[in-house]
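A.B. asks: Encoded as structure tokens, here's the structure I'll be asking about.
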Amino acid sequence: MEAEASNGNGNGNGNGCSNDHDIIRWFDTISTNVAMVQRETLRQILELNRGVEYLKKWFGDKDLDIREMDACEMESLYTSLVPLVSHEDLEPFIQRIADGDTSPILTQHPITTLSLSSGTTEGRQKFIPFTRHSSKTTLQIFRLAAAYRSRVYPTRSKGRILEFIYSSKRFKTRGALMAGTATTHYFASEEFRIKQEKTKLFTCSPHEVISNGDYKQTTYCHLLLGLFFHKEVECITSTFAYSIVQAFSSFEEQWEDICKDIKEGNVSSKITWPKMRKAVLDIIEPNPILASRIEAICEGLQGSDWFGLVPKLWPNAKYKLRHYCGSLPLVSAEYGSTESWIGVNLDPSLEPEKVTFAVMPTFSYFELIPLYRQDQYSGSGSVDFIEDDPVPLSQVKVGQEYEIVLPTFTGLYRYRLGDVVEVSGFHNETPKLKFICRRKLLLVVNIDKNTEKDLQLVVEKGSQLLSKHRAELVDFTSHAKLTHQPGHYVIYWEIKGKVEERVLCECCREMDASFVDPGYVVSRRTNSIGPLELCIVERGTFKKILDYFIGNGAALSQFKTPRCTNDRTLLKILDLYTVKRFRSTAYG
């Protein structure tokens, strides 16, 4: 039920206007000679930032005229002198900037804003430089994704989007730099306003709702205004699908209050922030007829477990989430990270499991590290892949897995993103990437190595049994439990609907048998890995996990459930609310 961990959803213009044709024509042009475009992008980055402290460290005192250098020579010099790095390597430089050092450390452009990563992958948030260039590329990729999407799902001009988008609170670092999530910076930027003007689709909620910082109050107002404008809503979007699941789950509990507000033209007393209350009250007005119609629909939906909610409440919506949307399509539009946008989905009609993203060759200079799965007997399970030397974007091969490396216009150089992707084809000469997993997200007990993708496939196979019994998987995560020998995998499920224990036993067995990693299979057969454990948690448990992350500074607009965790607090929450446990019988 979830879109890819790193995917976002932009907003579409369905009028087939010249702006759509222009930006598609531009992308076709830059994707035709990728090698040349990439070298020119690298030249621009180095020319912009030549002389900064970090590059001087590797280039020395060479008086380089980047503009006049041969492109191949410049590319070779850069990749031979500047090392591959992780965020930890750049952290001391970024911390100096956060503390107020205004010298050209990473970039010649002054950095006045820092982005915070979500922290849901590695358990802690990271500072990433954010500049006006970051907002401009966001606008550009949203417009491009919208143009391709409008070809498949045309929308009316001046329609509305029910956007479940959330800003988080921003704060000043010791050096007086503004820090917050990248999405918070973007929603406050001029580019966010321009995007709506360019795409001719406008969000239902005003800035005062988006910027509130209390996701529960913001969600309520998003839903209230989305229903007030129900006939105008063309699509329902969010940065991650999780936000929409969360919002509709809240709607199941609060629809009666929302109907009352629509009937009276009022805002619930639970909305306590004065600016947000005023902004919403300035928009809505009493509509008893609409309120009665929504009440009747919701009373009927309760009996069907809210299946097909969206087309009933928003009859003109073109796409969004499966359970709530019935037959409406689920669209994954862009692929990016806090550090940089990566690519855009050129075929919005594809199911999320089949989506690929064409790389934007002007956003960064991309290198890709070829990755090979280790032989299961080659040693410690702590190493996830064998690496080859990085190759430029123009030299990747279909079917090969890679880790993405990039320098950015904002001061990151040969930066290992940690994302594993597979090249699935090309659009002209630019590769189309399929997201596989985060490198650090691995289930490992013995000589086994199962990635996030491996886990996803196993969970999907196990949860297929639920649909036969009118139930569904709400969310899940996993843990490699090593406190007792032999160690084993624990998978936590939150499910919707009543399921007999024999069915859950079968789900557990099916998942255990579905891991195909040779190291896992051999270890299970020899009992050096114990039977898989399926833990069923109370409804609302993953909502508590969300609250835990948000309480520690994460933003809902960036939140994605960690699929594999060793976080002690998170595991404590999961174990506390576990109501049933099952052990696999797959290997006897």
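The values are calculated or read from the model by the stated rules, or taken from the named source; none is laboratory data. Just so we're clear, the structure is a prediction, and the values are computed from it rather than from any experiment. FYI the Cβ positions are ideal-geometry reconstructions off the backbone, even for glycines, and counts take in every protein chain you see. Only protein heavy atoms, including side chains, enter the accessible area calculation; ligands, DNA and RNA are left aside. Shrake-Rupley method; radii C 1.70, N 1.55, O 1.52, S 1.80 Å.
A.B. asks: Would you be able to tell me the number of residues in segment 24-68 that are in a loop (DSSP other than H, G, I, E, B) and of a type in the set (Asp, Glu)?
C.D. replies: Number satisfying all stated conditions: 4.
A.B. asks: Among the residues in segment 262-269, are any over 14 Å from HIS222 (Cβ atoms), exposed (fewer than 14 other Cβ atoms within 10 Å of the Cβ) and either out of contact with any strand residue (DSSP E or B) (no Cβ under 8 Å at 6 or more places or on another chain) or at pLDDT 95 or above (or both)?
C.D. replies: Within segment 262-269 (the criterion being over 14 Å from HIS222 (Cβ atoms), exposed (fewer than 14 other Cβ atoms within 10 Å of the Cβ) and either out of contact with any strand residue (DSSP E or B) (no Cβ under 8 Å at 6 or more places or on another chain) or at pLDDT 95 or above (or both)), the answer is yes, since at least one residue qualifies.
A.B. asks: Spot the failing condition for THR79; the list is (1) within 30 Å of GLN196 (Cα to Cα); (2) of a type in the set (Val, Ile, Thr); (3) in a helix (DSSP H, G or I), and only one is missed.
C.D. replies: So the condition that THR79 fails would be (1).
A.B. asks: Of all residues in segment 218-241, count the ones that are hydroxyl-bearing (Ser, Thr, Tyr) and in contact with a Phe, Trp or Tyr (Cβ under 6 Å, 6 or more places away or on another chain).
C.D. replies: 2
A.B. asks: Residues that are among the hydrophobic types (A, V, I, L, M, F, W, C), farther than 23 Å from LEU48 by Cβ and buried (at least 22 other Cβ atoms within 10 Å of the Cβ): does segment 415-423 have at least one?
C.D. replies: yes
A.B. asks: Looking at (1) of a type in the set (D, E, K, R); (2) in contact (Cβ under 8 Å) with a residue 40 or more places away in the chain; (3) surrounded by 13 or more Cβ atoms within 10 Å (Cβ to Cβ), which is the one condition that is false for ARG277?
C.D. replies: The one condition ARG277 does not meet is (2).
A.B. asks: If I ask for residues that are β-branched (Val, Ile, Thr) and under 28 Å from the mean Cα position of the chain (by Cα), which ones from segment 244-270 would you list?
C.D. replies: Within segment 244-270, ILE244, VAL245 meet the criteria.
A.B. asks: Do we find a residue being among the polar types (S, T, N, Q) and open to solvent by 40 Å² or more (accessible area, probe 1.4 Å) anywhere in segment 244-257?
C.D. replies: Within segment 244-257, none of the residues are among the polar types (S, T, N, Q) and open to solvent by 40 Å² or more (accessible area, probe 1.4 Å).
A.B. asks: Can you find, within segment 170-192, the residue that is farthest from THR113 (Cα to Cα) among those that are in a strand (DSSP E or B) and in contact with a Ser or Thr (Cβ under 9 Å, 6 or more places away or on another chain)?
C.D. replies: Here the residue is THR181.
A.B. asks: Restricting attention to segment 221-243, which residues are open to solvent by 10 Å² or more (accessible area, probe 1.4 Å) and either more than 17 Å from THR541 (Cα to Cα) or outside the structural domain of ALA291 (by the TED database) (or both)?
C.D. replies: PHE228, PHE229, HIS230, LYS231, GLU232, THR239, PHE240
A.B. asks: Take the residues of segment 162-200 that are within 27 Å of ASP20 (Cα to Cα) and among the charged types (D, E, K, R): which is surrounded by the most Cβ atoms within 10 Å (Cβ to Cβ)?
C.D. replies: Top of the filtered list is GLU163.
A.B. asks: Scan segment 186-199 and report the pairs whose first residue is under 14 Å from ALA146 (Cβ atoms) and whose second residue is outside any helix (DSSP H, G or I) and open to solvent by less than 20 Å² (accessible area, probe 1.4 Å), with Cβ atoms within less than 6 Å and a gap of 6+ or a chain change.
C.D. replies: Correct list of pairs: THR199/ASN11; THR199/ASN13.
A.B. asks: If a residue has to be under 30 Å from THR569 (Cα atoms), β-branched (Val, Ile, Thr) and modelled with pLDDT of 80 or more to count, how many in segment 111-159 make the cut?
C.D. replies: Here the count works out to 1.
A.B. asks: Still on this structure, please answer the following. For segment 7-41, give me each residue that is among the small types (Gly, Ala, Ser), modelled with pLDDT under 90 and open to solvent by less than 10 Å² (accessible area, probe 1.4 Å).
C.D. replies: Scanning segment 7-41 gives GLY8, GLY10, GLY12.
A.B. asks: Exactly one condition in (1) open to solvent by 20 Å² or more (accessible area, probe 1.4 Å); (2) without any contact (Cβ under 8 Å) to a residue 60 or more places away in the chain; (3) of a type in the set (A, V, I, L, M) is not met by ILE550; state its number.
C.D. replies: Every condition holds for ILE550 apart from (2).
A.B. asks: For the list (1) open to solvent by less than 10 Å² (accessible area, probe 1.4 Å); (2) within 17 Å of VAL444 (Cα to Cα); (3) part of a helix (DSSP H, G or I), I need the number of the one condition that VAL522 fails.
C.D. replies: In the conditions (1) open to solvent by less than 10 Å² (accessible area, probe 1.4 Å); (2) within 17 Å of VAL444 (Cα to Cα); (3) part of a helix (DSSP H, G or I), VAL522 misses (1) alone.
A.B. asks: Could we say that ILE111 is outside any loop (DSSP other than H, G, I, E, B) and closer than 21 Å to ARG414 by Cα here?
C.D. replies: Judged against the criteria, ILE111 is not a match.
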